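Chemist: I'd like to ask some things about the structure below.
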Amino acid sequence: MNIQSSYSQDAALPFSSVTQTDLQEPTSSAPKKQPFDPKVIPGNPAIWVGIFSELTEFALFFVIYFLARVHYPEQFLEGPLQLHTTAGTLNTLILISSSYFVAKGVLAMRKDKPDAAIRWLWMTVAAGAAYIIIKCWEYQWNFDRGITTNTNNFFAVYYYTTFNHLLHVGWGSGGIIWAIFQIKSGNYDANNHSGLIAAACYWHMIDLAWIMIFPLLYVLR
């Protein structure tokens, strides 16, 4: 009886000595891989969801454009001839320049030169404002010649696409202004400015969309 009891106690010793720490899985000292590495993909996940959503929207515009072009070839042949090509060309050069400005702003921030970054970003905002002014003048120029959304199918597509893009330029300019004030308030530095990069990515998307819109509406016959 005593031998059996002693055997039971000895057998229980290894289990009773096991602590909760011993039962935990061993932790690896290697750093865990982040699901979204800003060093590989600029910005943050939220801005890329927005960018892909906006690109999908513009892709639908392009589908509508080509469908309408197939059904109304004469309207899409004559329509670009009635537009102010010089205004469209100026806006193209302005947006390409603005993408250069915003890229220089990000590079200046990475080099810990916030004042230079702010100057480049304000140039980006000025380019956006110039685009909006020229586009509004172009609309008025069209209206003075009786060109409205009801003129024909080409101009319905033209106004719907370009006005939507105009709104994006306004939103993008607001994002750049927000980034400027974040830099001024000291919230961004050389190692932490993901919001600025996100705003820059969105701005480049706006530029890319216009580079596709311009030849379709102003150049292609």
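The numbers here are math on the coordinates, done by the rules we state, and not lab data. Since we're looking at a predicted model, the values are computed, not measured. Here Cβ is always computed from backbone atoms with ideal geometry, including for glycine, and neighbour counts include all displayed protein chains.
Chemist: At R0 = 25 Å, how high is the FRET efficiency between Arg221 and Ile64 if r is their beta carbon distance? Nearest 0.05 is fine.
Modeler: 0.85
Chemist: Highest mean first, what order results for 126-134, 94-102 on Cβ atoms within 10 Å?
Modeler: Per-residue mean Cβ counts within 10 Å order the peptides as 94-102, 126-134.
Chemist: Now, a different point. Which of Leu121, Leu107 has the fewest other C-beta atoms within 10 Å, and how do the rest follow up to the most?
Modeler: Going from sparsest to densest Cβ surroundings: Leu107, Leu121.
Chemist: On to the next question. Going by how many other Cβ atoms sit within 10 Å of their own, how do Arg119, Arg69, Arg145 line up, fewest first?
Modeler: Ascending Cβ contact count within 10 Å gives the list Arg145, Arg119, Arg69.
Chemist: Along the Cα→Cβ direction, 7 angstrom out, place labels at Leu81 and Val49. What is the inter-label distance in nm?
Modeler: For the pair Leu81/Val49, the computed spacing is 4.8 nm.
Chemist: Same structure again: If you plug each phi of the stretch 125-142 into the Karplus form 6.51 cos²θ - 1.76 cosθ + 1.60 with θ = phi - 60°, what whole-Hz ³J(HN,Hα) values come out, in order, with x for Gly and Pro?
Modeler: Each residue's phi maps through the Karplus curve to give 4, 4, 5, x, 5, 4, 4, 5, 4, 5, 5, 5, 4, 4, 4, 5, 4, 5 Hz.
Chemist: Separate question: Count charges around Leu95 for me, please; just the other residues with Cβ under 13 Å from its Cβ, Lys/Arg as +1, Asp/Glu as -1.
Modeler: 0
Chemist: Exposure proxy check: His165, His204 ranked by fewest other beta carbons within 10 Å?
Modeler: Ordered from fewest to most neighbouring Cβ atoms within 10 Å, His165, His204 come out as His204, His165.
Chemist: In the P(r) worked out for the stretch 73-221, what percent of Cα pairs fall beyond 25 Å?
Modeler: 35 percent
Chemist: For the stretch 101-147, I need the span (max minus min coordinate) of the C-alpha atoms along each principal axis, in Å, sorted largest to smallest.
Modeler: In descending order, the Cα extents are 52, 13, 6 Å.
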